[in-house]
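*Asks:* Let me give you the structure first, and then I'll get to my questions.
The values are calculated or read from the model by the stated rules, or taken from the named source; none is laboratory data. These figures come from a predicted structure and were not determined experimentally. Positions of Cβ are generated from backbone atoms using ideal geometry, with glycine treated the same way; all protein chains shown enter the neighbour counts. Note: accessible area is taken over every heavy atom of the protein model, side chains too, but ligands, DNA and RNA are not part of it. Shrake-Rupley method; radii C 1.70, N 1.55, O 1.52, S 1.80 Å.
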Amino acid sequence: MPPSRLARPMEPTFSMPSRQKDVGTSTQPSLGMLAAFGGMMSNTGTPVTPFTSLRSASVYGCVNRLGQDIAKLPLGVRQKLPSGEGYRPRPNHPLMRLLRRPNNWMTPYQFMRYMVSCIQLRGNAYAAILRNPLGDPVELIPISPDRVNVQVSVNGLVFYDFSHPLIGDGLRWHAEDILHFKNMCVDGGYVGLSPIAFAQDTMGLAIAAQEQAAILFRQGNQTGGILSTEKQLGPELTTQIANEVARQYSGVQNSSKPMVLGGGFKYERMSITPDEAQFLESRKFSVEEICRIFGVPPHKIQHIVGGTFANIENQEQAYINDALQPIATEVEQEQARKLFFEDEIDEGLEIFFDFRALLRGDMKTRFEAYSIGMQTGFMNGNEARANEGLGPVEGGEIYRFPLNTAPIKPASPPPTGAPGDQAPAVEDTPPIQPEETE
């Protein structure tokens, strides 16, 4: 019977942090409210939070792409062999049931996609681990980062104060029962940094440029200007003329309508055109800046910059190595540390993402890899069939090797002519005499 993990070290010697009531609105939140939601006011004047940042197509695309690509990778359990060479899959381990069904309302894909989205938007993702009386994990309950406070005791133990409708309010759990996936940390590894909060100017610039483009098209691509005349106009007549001009010439439907002015009115354009302000170039640059923050190549969010058919495969591999694998490693190690018992970790059990799923839609590449593996004796036919979800066949368990290969043996060095360095002696044998025939 595995040891129970119900006993938790408790140090009720420090108090819960208090949150002061903050005043603000959803359209113009105060600095305290922005900080509570992991955001700040950018220098463009646009409030940037994890929610408002998704108004930028680039931010939405990067977060969505990372969440989808990590979530579609199957999670499995494997055990490192005692020799240290290779792994043995453990598909029947009890933890596999939890990985296949983390809770009653989410699929594994939905659960992991939410976790990765929280990491990218808030810098942290949390899930409470519910256990049975023996201490085995049976359910993972995702917790909104807004409802979690990380506490560190005077002795260095980590606790989490949180609330959740299914578990309770004002709870304090030990770190052993909370999955905590972090982004980059600078505080000793306790809380991850939010990319949104520390790149608010980049996000705010992208949102502001997007809003400016929307307003420009709403006005029918007509820039602001001044109507002037030498005649004296009263306030009511000035307002009436301005409203009439706006009604007649603003809006997309009026963008091509010629402006006809009479009564000595003159129109003077005040703002510069988008081309003069290099408006499109700035929007393209903001896309690349946001991709740089999230580590996502621009072509993954449909922004092709310098991509060709010759190098797109290298860019895909770089995306896997530099963007997906760091997130996968964080998730793998945190889950293994919190979901396995100590004796299971000592036995070499691990949780891993199967990156072969990325080739699920590329049949040609998969079959070419199987062909190379079977021809070199790396795998047999039944192993290749198992990867494709097919059953074994008779004779498929045989490993085959090329006939023109042989083990490498050290050859005898040729004689150098030095004293005592001679070729190996060959025993003298009598010549074979031909048989006599009658």
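*Asks:* Please tell me if residue 169 is surrounded by fewer than 19 Cβ atoms within 10 Å (Cβ to Cβ) and over 30 Å from residue 58 (Cα atoms).
*Replies:* On the way: surrounded by fewer than 19 Cβ atoms within 10 Å (Cβ to Cβ): yes; over 30 Å from residue 58 (Cα atoms): yes.
Judged against the criteria, residue 169 is a match.
*Asks:* Residues of the range 369-400 being open to solvent by 70 Å² or more (accessible area, probe 1.4 Å) and β-branched (Val, Ile, Thr), which ones?
*Replies:* Answer for the range 369-400, where residues must be open to solvent by 70 Å² or more (accessible area, probe 1.4 Å) and β-branched (Val, Ile, Thr): 372, 376, 398.
*Asks:* Exactly one condition in (1) out of contact with any helix residue (DSSP H, G or I) (no Cβ under 9 Å at 6 or more places or on another chain); (2) modelled with pLDDT of 95 or more is not met by residue 135; state its number.
*Replies:* Unmet condition: (2).
*Asks:* Would you mind finding the one in 145, 137, 89 that is surrounded by 12 or more Cβ atoms within 10 Å (Cβ to Cβ), without any contact (Cβ under 8 Å) to a residue 24 or more places away in the chain, closer than 23 Å to residue 328 by Cβ and touching a strand residue (DSSP E or B) at 6+ places or on another chain (Cβ under 6 Å)?
*Replies:* Answer to the check: 89.
*Asks:* In the range 160-179, is there at least one residue being among the β-branched types (Val, Ile, Thr) and over 27 Å from the mean Cα position of the chain (by Cα)? Break it down into steps so the answer makes sense when it comes.
*Replies:* Initial filter on the range 160-179 (among the β-branched types (Val, Ile, Thr)): 167, 178.
Those still in the list that are over 27 Å from the mean Cα position of the chain (by Cα) too: 167.
For the range 160-179, residues among the β-branched types (Val, Ile, Thr) and over 27 Å from the mean Cα position of the chain (by Cα): present.
*Asks:* Moving on to the next point. Do we find that residue 155 is outside any strand (DSSP E or B) and within 24 Å of the chain's Cα centre (by Cα) in this structure?
*Replies:* no
*Asks:* Considering only residues that are over 21 Å from residue 333 (Cα atoms) and either of a type in the set (A, V, I, L, M) or touching a Lys or Arg at 6+ places or on another chain (Cβ under 9 Å) (or both), which ones fall in the range 154-168?
*Replies:* Residues satisfying the conditions are 154, 161, 162, 163, 164, 166, 167.
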